[in-house]
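Dropping the structure in here first, questions after.
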């Protein structure tokens, strides 16, 4: 487990870029954190490594967004609105795990559907400093 503190959106995006640089063609990143913690900003930084940051939109109402170019295929999930894990299975969510890199916001909701290996990142806000974020990164 690794803890990283950032003091701006830009620093958080840079951490995401560093993680993206180490990813292969597939992999799973679970992002947990309250609303406004920086999950989408993290994803924006991650996508920027693959030159896809201009494509980003929050998948809140669509559940999954796909970003693709010659470098990577990335699936960005927001499972917050799923009623339960059965809904994730119903949309074939686990089938994406082997098709590309999956970034899953609110991933704790589908914990039992996750494969054995993934990266879990908890993003916490600091109530005393609105720009500060604590990223707790754990490889499972």
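Only the coordinates and a few stated rules stand behind these numbers; no lab work does. Since we're looking at a predicted model, the values are computed, not measured. Note: ideal-geometry Cβ built from the backbone for every residue, glycine included; neighbour counts use all protein chains shown.
Going by the structure shown, is residue 135 closer than 21 Å to residue 14 by Cβ and exposed (fewer than 12 other Cβ atoms within 10 Å of the Cβ)?
Values: closer than 21 Å to residue 14 by Cβ: yes; exposed (fewer than 12 other Cβ atoms within 10 Å of the Cβ): no.
No, not satisfied.
Here's a follow-up. Looking at segment 36-48, can you tell me whether even one residue there is in contact (Cβ under 8 Å) with a residue 60 or more places away in the chain, touching a strand residue (DSSP E or B) at 6+ places or on another chain (Cβ under 8 Å) and farther than 16 Å from residue 125 by Cβ? Outline the logic, then answer.
Our first condition is that a residue be in contact (Cβ under 8 Å) with a residue 60 or more places away in the chain; within segment 36-48, this holds for 36-40, 42-43.
If we keep only those that are touching a strand residue (DSSP E or B) at 6+ places or on another chain (Cβ under 8 Å) too, we end up with 36-40, 42-43.
Filter again for farther than 16 Å from residue 125 by Cβ, leaving 43.
The answer is yes, given that some residue of segment 36-48 is in contact (Cβ under 8 Å) with a residue 60 or more places away in the chain, touching a strand residue (DSSP E or B) at 6+ places or on another chain (Cβ under 8 Å) and farther than 16 Å from residue 125 by Cβ.
Would you pick out the residues in segment 71-102 that are touching a residue at least 60 places away in the same chain (Cβ under 8 Å) and surrounded by 14 or more Cβ atoms within 10 Å (Cβ to Cβ)? Spell out how you get there, then give the answer.
Going through segment 71-102, the residues touching a residue at least 60 places away in the same chain (Cβ under 8 Å) turn out to be 97-102.
Within segment 71-102, 97, 100, 101, 102 meet the criteria.
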